[in-house]
Amino acid sequence: METLVSDIMKNQVISIDSSMSVTDAAKMMSDSGVGCVVVIQKNIPIGILTERDFVTKIAFLTKSSSIPVRNVMSSPLIAISPKETIKNLADVMKEKKIHKVPVIDGNKLVGIVTATDLIRKCVVSSDLDMKQICSSFAQMAF
């Protein structure tokens with residue numbers, strides 16, 4: 001039986017309203033010890049703000065602290081269903097060159113999976129299919 005995204009996702013996801021500031025997002029990330037926040041508008045996930053966004057987009061802006069996260073988030077949101085397989089997840093991460101993938105069921109944010117979660121599953125698994133997924137995923141440039 002194939003491992004599903006729901007088997008390895010984290011259910012606790014930090015989210016932020018799209019109108020909140022970059023400073024609010026940075027504080028939430030720091031306080032929670034996470035590398036990203038999912039951006040929500042009217043209870044629907046619409047983007048993601050990652051540590052990489054802070055380095056590549058925000059650090060160069062003047063008065064960046066007051067900018068709404070919707071202006072600098074990565075969008076459109078690349079997400080996955082909890083019913084997808086880990087192989088599909090690894091393929092999405094590799095193809096899109098991303099390390100964090102929100103898990104969406106319908107329009108509801110239900111979890112998040114990071115490259116670290118996938119690698120951790122690879123390390124502890126004795127399943128041959130999982131080893132092949134890991135081998136393919138390991139070729140992704142981090």
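What follows draws every value from the coordinates through simple rules; no lab data is involved. This one's a predicted model, so the numbers in the text were calculated from it and none came from an experiment. We place every Cβ from the backbone using ideal geometry, glycine too, and count neighbours over all the protein chains shown.
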Inset, instruction - Could you check, for the stretch 2-12, whether at least one of its residues is over 24 Å from Asn107 (Cβ atoms), over 16 Å from the mean Cα position of the chain (by Cα) and surrounded by fewer than 19 Cβ atoms within 10 Å (Cβ to Cβ)? - result: yes
Legend entry - Matching residues in the stretch 13-46 - criterion: being under 15 Å from the mean Cα position of the chain (by Cα) and on the phi > 0 side of the Ramachandran plot: Gly33
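Just checking, how many residues over the stretch 89-116 are in a helix (DSSP H, G or I) and in contact with a strand residue (DSSP E or B) (Cβ under 7 Å, 6 or more places away or on another chain)?
3
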Legend entry - Sole exception among (1) hydrophobic (A, V, I, L, M, F, W, C); (2) over 17 Å from the mean Cα position of the chain (by Cα); (3) not in a loop (DSSP other than H, G, I, E, B) for Phe60, by number: (3)
Inset, instruction - Could you please find all residues in the stretch 34-54 being β-branched (Val, Ile, Thr) and either surrounded by 15 or more Cβ atoms within 10 Å (Cβ to Cβ) or under 14 Å from Thr23 (Cα atoms) (or both)? - result: Val34, Val37, Val38, Val39, Ile40, Ile46, Ile48, Thr50
Inset, instruction - Could you tell me whether any residue of the stretch 25-36 is touching a Ser or Thr at 6+ places or on another chain (Cβ under 6 Å), part of a strand (DSSP E or B) and hydrophobic (A, V, I, L, M, F, W, C)? - result: yes
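In the stretch 63-88, how many are more than 16 Å from Ser6 (Cα to Cα) and part of a helix (DSSP H, G or I)?
Of the residues in that region, 6 qualify.
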Inset, instruction - Would you confirm whether any residue within the stretch 40-47 is closer than 18 Å to Val110 by Cβ, in contact (Cβ under 8 Å) with a residue 60 or more places away in the chain and in a helix (DSSP H, G or I)? - result: no
Legend entry - Meets criteria (in a helix (DSSP H, G or I) and in contact (Cβ under 8 Å) with a residue 60 or more places away in the chain) for Asp53: no
